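The values are calculated or read from the model by the stated rules, or taken from the named source; none is laboratory data. These numbers were taken from a predicted model, which means no experiment stands behind them. Cβ atoms come from the backbone with ideal geometry, glycine included; neighbour counts cover every protein chain shown.
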Amino acid sequence: MPVLSTMNQLVKVGLHVLHEIGNLNKYFTIFAGRIQSMETNRKVLLGMSGGTDSSVAALLLKDAGYDVTGVTFRFYEKEGDTEYVDDAAGLCERLGINHIVYDARDIFRQTIIDYFVHEYMEGHTPVPCTVCNNQLKWPLLAKLADERGIYHIATGHYVRRKTMEDLHFIAKGTDADKDQSFFLWGLQQDILERILLPMGDLTKTRVREIAEERGFLKAARKKDSIGVCFCPMDYRSFLQKEVPPGIIVPGKFYDEHGNYIARHEGYPFYTIGQRRGLGLDLNRAVFVKEIIPEENKVILGDLKSLERTEMRLKDWNIISPEMLLDKEDVIVKIRYRKQANHCTVTLMPDHTLQVSLHEPLTAIASGQAAAFYRDDVVLGGGIII
């Protein structure tokens, strides 16, 4: 009896031990998963152009303890210049972080350059930087990060992220002169929830100081990029290279009443609101009011004639309809700097957004972007019809 009792007790103890071992295995699996998740969440894929901002972003992220991988996208290279790739690779080597190069020239041409040319040929005003950020650069960063088991994605944008009511928003950067929030209204929650923005609370002056203090003198002294990356200054010459000969031909300027004024160089070379570069001497200020591609006409008027009190948007993105629609305290911007108007936004039956302006706004052009704000937070945006 004692022997049998002892054996039963041993069996019970053994079963208990096996049960506990099973629990331990389960707990270890859970714990290991959490550790793995934590390790993944400390990894970040940083878009690096070789410029000042992304270089300092790499420094700051590494200082913060992140496992940084830099990626340089080959979007467009003027005359085969790849110095920017070498600069980014050299900085990563000095910091001891991984660096990859991704050739995105084909998709950049399809998504951005072809779109850019098409919009001008339609008489519209394209917004390539907005389209690139929302439809190409950030989604491509996320795709590459997913392929490499990296959770966070980052750039050197001068913007911040805010979270309200469990939703993530882009907010203006501290440096008002460098703030880039206007271009990022189209980012979705699956992107916003994983972004890191190390430049958001810094000024450009301080960023250059950091680069110099750390001995990265070339990065510290690089000039800021100006205009569109693939045609920094003169889009007319770019269009002439992209469009077959004989498509862009001279046409006629008219006033609002249909009176002929003068010849012009071709309607794609003009945008709504344009005053300079018309080649006219009329002893009065005139602006491009309307472009009629099918007739190669450009209509001119005075500044007052360009005022509008409403516009429609397509291809829009709204982060929180409750925060934006039918509110009286929303600000709309259709230009990167300066301009800001109060408006009320209404969702229409045809799924466009009706924007009713509280004050008249001049030079609203089809193809432009409109971004909505409350205080410093981006609520959404869309493309003007």
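Among the residues making up region 210-263, those that are touching a residue at least 24 places away in the same chain (Cβ under 8 Å), among the basic types (Lys, Arg) and part of a helix (DSSP H, G or I) are Lys218, Arg236.
Counting only strands (runs of 3 or more DSSP E) that sit completely within region 300-385, zero hold 3 or more residues that are at pLDDT below 95 and under 22 Å from the mean Cα position of the chain (by Cα). Somewhere in region 201-214, is a residue closer than 26 Å to Trp316 by Cβ and modelled with pLDDT of 95 or more? No, because not a single residue in region 201-214 is closer than 26 Å to Trp316 by Cβ and modelled with pLDDT of 95 or more. Is one or more of the residues making up region 298-321 among the aromatic types (Phe, Trp, Tyr) and out of contact with any Phe, Trp or Tyr (no Cβ under 9 Å at 6 or more places or on another chain)? No, that holds for no residue. Candidates Leu91, Leu61: the one that is over 23 Å from the mean Cα position of the chain (by Cα), at negative phi, at pLDDT 80 or above and surrounded by 14 or more Cβ atoms within 10 Å (Cβ to Cβ) is Leu91.
The conditions are (1) touching a Phe, Trp or Tyr at 6+ places or on another chain (Cβ under 8 Å); (2) crowded, with 16+ Cβ neighbours inside 10 Å, and Leu357 fails exactly one of them. Which is it? Here Leu357 meets the rest and fails (1). I'd like to check something: does region 321-329 contain any residue that is surrounded by 15 or more Cβ atoms within 10 Å (Cβ to Cβ), touching a Leu at 6+ places or on another chain (Cβ under 7 Å), farther than 26 Å from Lys172 by Cβ and not basic (Lys, Arg)? No - not one qualifying residue is present in region 321-329. Return the residue satisfying two criteria in turn: it lies in region 156-178 and is of a type in the set (Val, Ile, Thr) and touching a Leu at 6+ places or on another chain (Cβ under 7 Å), and of such residues it is farthest from Gly51 (Cα to Cα). Checked region 156-178; the qualifying residue farthest from Gly51 (Cα to Cα) is Ile170.
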